[in-house]
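Values quoted throughout were computed directly from the atomic coordinates according to the rules given, and no laboratory measurement underlies them. Keep in mind that this is a model prediction, so the values were computed, not measured. Please note: Cβ atoms are built from the backbone with ideal geometry, for glycine as well, and neighbour counts cover all protein chains shown.
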Amino acid sequence: MREFTYQRASDVSGALALLDADPDARFLGGGTNLVDLMKTGVERPGRLVDVRGLPLDRIEVADDGTLHIGATVTNSDLAAHPEVRRRYPALAQAVLAGASGQLRNMATVGGNLLQRTRCGYFTDVTKPCNKRVPGSGCPAIEGEHRNHAVLGASDHCVAVHPSDMGVALTAFDAVVSYRSADGPGELPLSEFYLPVGDTPHLETALPPGALITGVSVPPAPVAALSRYRKVRERASYAFAIGSLAAAIDVRDGAVHEARLAFGAVASRPWRAHAAERALTGAPAHADSFAAAADAELAAARPLPQNGYKVTLMRNLVVAVLTELCEEAAR
Ligand SMILES: Cc1cc2nc3c(=O)[nH]c(=O)nc-3n(C[C@H](O)[C@H](O)[C@H](O)COP(=O)(O)OP(=O)(O)OC[C@H]3O[C@@H](n4cnc5c(N)ncnc54)[C@H](O)[C@@H]3O)c2cc1C
Ligand code: SF4
């Protein structure tokens, strides 16, 4: 392994200064993704700035009901928080569906959103990969792409984003706060991840050297009746091959409001706006749910090995919305 320097930051300004002084430096959260990538040579930082000592480990509810989650809150603490479980059950379920208990005890909110793709070509430094080495090619398109993207991909990269937490946060209009050398800033999660285009190595709209300080989730009464459903190749300790965060508000038999976000089908958590539009005002019935899924998935461009994801996502939408309606009727 390449030698590197390790430093602990105790305040946000100090963390930014340490990173700014060294273009080869990276922030370290729980290290559950970055350290793995350092072991395989995908990441080769000369300095790690540990952010876990920063005072960003609180979850608070503001007077207007917004939930503020500090960037160094662990995945375990987020999933266990009573306000998260009560007001955004799909978010708690999404976090608990990820990784293992030990990993969730280490992993932070900021690190989870910035974890890198699990595409096997990306993590194998002996292979070309446009995301790792821009311009080197995308072997997944002609090679192994069973678990790759069906929505929003490009001829340059077809990888999917692995975060479960990010899918639920996307459904609930979360906003990422950060600090950079130019001061504080905010990015709605819908703008946080960049479209793939011909620059798959550029993944987020964060300014260079920015530190994520937290994530805010606005009040959303619809989220109280929500669910996260993850499909994977084994029952635990595996990344999704398709997932759904869904919330629904039904009044007098019709859909008043619905929130839907898809996971493991695109380079970023995928907000299903077309499906939400199709659902609004429609009868709360399986036929409407299937039509809404079809409206979203009309944009899907599956590759030879991953057409199953289109059927999978359609079935997930129908099943989860039906279950939520049954729960509401109880
Ligand atoms: C075996 C295994 C199974 C897993 N399964 C799942 C799963 O099913 N679902 C899922 O969602 N995840 C899964 N994960 C991924 C895990 O959730 C992530 O590794 C974890 O959330 C990353 O958080 P971290 O704090 O450890 O990040 P780190 O590894 O410390 O950092 C990740 C990246 O974020 C950057 N960073 C960290 N904090 C900040 C900050 N505050 N500001 C700016 N940059 C920052 C780092 O520089 C690095 O680039 C799995 C991981 C493993 C090892
Ligand atoms: S899909 Fe993306 S990450 Fe995977 S090999 Fe192609 S360019 Fe690299």
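Could you list, bin by bin from short to long, the percent of Cα-Cα pairs of region 222-329 in 10 Å steps?
15, 50, 28, 7, 0
Amide H of residue 226 versus every other amide H placed in the peptide plane: which residues, excluding those fewer than 5 positions away on the same chain, fall under 5 Å?
Those lying under 5 Å, H to H, from residue 226 are 90.
Two decimals is fine: what's Rg over Rh for the chain, C-alpha atoms, Kirkwood radius as Rh?
Looking at the chain, the ratio lands at 0.97.
Would you order 6, 308 from fewest to most other beta-carbon atoms within 10 Å of each residue's own beta-carbon? Walk me through the intermediate numbers first.
Details: 6 9, 308 13.
Ordered from fewest to most neighbouring Cβ atoms within 10 Å, 6, 308 come out as 6, 308.
Kindly express, to the nearest 10 degrees and within the range 0 to 90, the angle between helix 286-297's C-alpha long axis and the longest C-alpha principal axis of the chain.
Between the helix axis and the principal axis of the chain, the angle is about 40 degrees.
Rounded to the nearest 0.05, what FRET efficiency do residue 20 and residue 144 give with R0 = 30 Å and r taken as the Cβ-Cβ distance? Could you check?
0.15
Could you identify which residue out of 68, 161, 148 has the top mean-square fluctuation in a GNM of the chain using Cα springs shorter than 10 Å?
68
Counting only C-alpha contacts under 8 Å and six or more residues apart, can you give the relative contact order of region 251-315 as a whole percent?
After rounding, I find 29 percent.
Mind checking which lysines have their Cα closer than 21 Å to the Cα of residue 131? Skip sequence neighbours fewer than 8 apart in that chain.
39
Tell me, what HN-Hα J-couplings in whole Hz come from the Karplus equation 6.51 cos²θ - 1.76 cosθ + 1.60 at θ = phi - 60° for each residue of region 207-214, using x for Gly and Pro?
Here the 3J(HN,Hα) series is x, x, x, 6, 9, 5, 9, x Hz.
I'd like the distance separating the alpha-carbon centroids of region 20-76 and region 224-246, in whole Å.
Measuring centre to centre over Cα atoms gives 24 Å.
Rounded to the nearest 0.05, what FRET efficiency is calculated for residue 155 and residue 60 with R0 set to 56 Å and r the Cβ-Cβ distance?
Efficiency, rounded to the nearest 0.05: 0.80.
Per residue of region 173-183, in order, report the coupling 6.51 cos²θ - 1.76 cosθ + 1.60 (Karplus, θ = phi - 60°) as ³J(HN,Hα) in whole Hz, putting x for Gly and Pro.
Coupling constants for region 173-183: 6, 5, 10, 8, 9, 9, 10, 10, 4, 8, x Hz.
In the calculated pair distance distribution of region 1-44, what percentage of Cα-Cα distances lie above 16 Å?
Details: 385 of 946 pairs.
Result for the distance tail: 41 percent.
In whole Hz, with x marking every Gly and Pro, tabulate ³J(HN,Hα) for region 307-320 from phi via Karplus 6.51 cos²θ - 1.76 cosθ + 1.60, θ = phi - 60°.
Per residue, the Karplus-derived 3J(HN,Hα) values read x, 4, 5, 5, 5, 4, 5, 4, 5, 4, 4, 5, 5, 6 Hz.
Lysines near residue 230 by alpha-carbon distance under 25 Å, same-chain residues fewer than 8 away left out - which ones?
Residue 230 reaches 309.
Only Cα pairs within less than 10 Å get springs; with that Gaussian network setup on the chain, which residue of 245, 159, 291 has the largest fluctuation?
Ranking 245, 159, 291 by mean-square fluctuation puts 291 first.
Got the relative contact order for the chain handy, in percent, Cα pairs under 8 Å and 6 or more residues apart? Intermediate values should be presented prior to the final figure.
Values: 736 pairs, mean separation 54.2, N = 330.
Computed value for the chain: 16 percent relative contact order.
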